[in-house]
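A short reminder: the numbers here are calculations on the coordinates, not readings from a lab. Not measured: the values here are computed from a predicted model. Don't worry about glycine lacking a Cβ; one is built from the backbone with ideal geometry, like all the others, and counts go over all protein chains shown.
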Amino acid sequence: MQEILQNQPEPDQRKPLPLNILLGALVVIGIALAFWLAFKAPQGSSSRGASSSGSQPMSQAEQMSTGKIQIENMAIHRAENFLHQEVTMLAGELVNTGETTLQELEVTVEFADEMNQIALRESRLALRATSPPLRPGERRPFEVSFEHIPTSWNRQMPSVRVSGLLFEPSK
């Protein structure tokens, strides 16, 4: 009986099929691309094409209207996000003292360091196109969050300015 077992050919070692290798590589590339897009996508982008690194130039009418938007009652606090990470939240109120209704409003926030140099500059939407428009004379609270503020930040209130506007389309 032992002779029979000894004369049996050894099973072929399984070689990976080229198709399996190709599919595995495509899955890995797809996952890497998904992570890259998720972390590379600009936060707070708008229909104007605004991003955290800058926005399109404003028209003259938009530039004149930025002075009619007041940012009041600013406060800064820390909170924990759903991943249990500390986030810095900047809250305030937008006041439209102009004559036009705003559909979107972007603010640029600058955090300074101990030498009053800019440690971080980021733009965020304070008023989104999906929220109700901000009509003349109205005020609306807003809140923007920052996950990574440099340790060199001087812990003072950051400067905030209107850096982008989108008027409500006329009817």
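Miscellaneous remarks
- Charge-dipole axis of the range 60-167 as Lys and Arg at +1 and Asp and Glu at -1 on Cβ define it, positive-most pick from V95, G164, L105: V95
- Segment E168-M89, extension gain: residue separation times 0.36 nm, minus the distance between their alpha carbons: 25.7 nm
- The range 60-167: mean projected area of Cα convex hull, nm²: 7.2
- The K68 and R135 beta-carbon pair, evaluated with R₀ = 22 Å, returns a calculated FRET efficiency of approximately 0.95.
- Averaged over residues, the count of other Cβ atoms within 10 Å places the peptides 105-111, 152-158, 76-82 in the sequence 105-111, 152-158, 76-82, highest first.
- Inter-centroid distance (Cα atoms) of the range 114-171 relative to the range 71-85, Å: 13
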